[in-house]
Amino acid sequence: MTQRPLSDVIRRAPITLPATATVQQACKTMLHHHIGAILVVDAHGHLEGIFTGRDAVKLLAQPGDHARAPLHSVMTRNPDHMPPTHNAIDALRLMHDGGFRHVPIVDHGRVVGITSIGDFRSHEHARHDEETGFWERL
């Protein structure tokens, strides 16, 4: 089976916001673009963090008015990421092992994309399931 490079998984330019953007801005942007995560970047396009729909749910379940909170106060800092030269199955493994659904793609320090669990083909999911089953049997 051919291993698909992660660069083939990137379908469009990543949607990013600065760390000073608010939770409300992030949620509106995610809704508008039909995406589940915003990459938080500095002025040079370097990854600072990630804010996901799951983060929004956890935040809004807590008391307080969080809509105006800046992303830098609620984002996941320094998220796991991969270069576009890795294979797609590597990103799928990272998501499974880390318990998250999104992996930023970073090339030479700059964000070039993002992948999510839904971006993978059925044979990649099947291969991962087979690998996981192998290690569980050991």
Completion exercise
Among residues of the stretch 60-82 being modelled with pLDDT under 95 and of a type in the set (Gly, Ala, Ser), the residue nearest to residue 99 (Cα to Cα) is 61
Exercise for the section: For the stretch 40-52, state whether one or more residues are assigned to a helix (DSSP H, G or I) and surrounded by fewer than 16 Cβ atoms within 10 Å (Cβ to Cβ). Expected result: no
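Does residue 17 qualify as being crowded, with 17+ Cβ neighbours inside 10 Å and within 20 Å of residue 5 (Cα to Cα)?
Answer is no for this residue.
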Practice task
From (1) part of a loop (DSSP other than H, G, I, E, B); (2) surrounded by 18 or more Cβ atoms within 10 Å (Cβ to Cβ), pick out the condition that doesn't hold for residue 67.
Solution key: (2)
Exercise for the section: Starting from residues that are part of a loop (DSSP other than H, G, I, E, B) and more than 16 Å from the chain's Cα centre (by Cα), keep the ones in the stretch 1-14 and report whichever is surrounded by the fewest Cβ atoms within 10 Å (Cβ to Cβ). Expected result: 2
Practice task
Please specify each residue of the stretch 94-122 satisfying the condition of being surrounded by 15 or more Cβ atoms within 10 Å (Cβ to Cβ) and basic (Lys, Arg).
Solution key: 101
Practice task
Kindly check whether there is at least one residue in the stretch 92-114 that is of a type in the set (Asp, Glu), free of Cβ contacts under 8 Å to residues at least 24 places away in the same chain and in a helix (DSSP H, G or I).
Solution key: yes
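The values are calculated or read from the model by the stated rules, or taken from the named source; none is laboratory data. Nothing here was measured: the structure is a model prediction, and the numbers come from that model. Please note: Cβ atoms are built from the backbone with ideal geometry, for glycine as well, and neighbour counts cover all protein chains shown.
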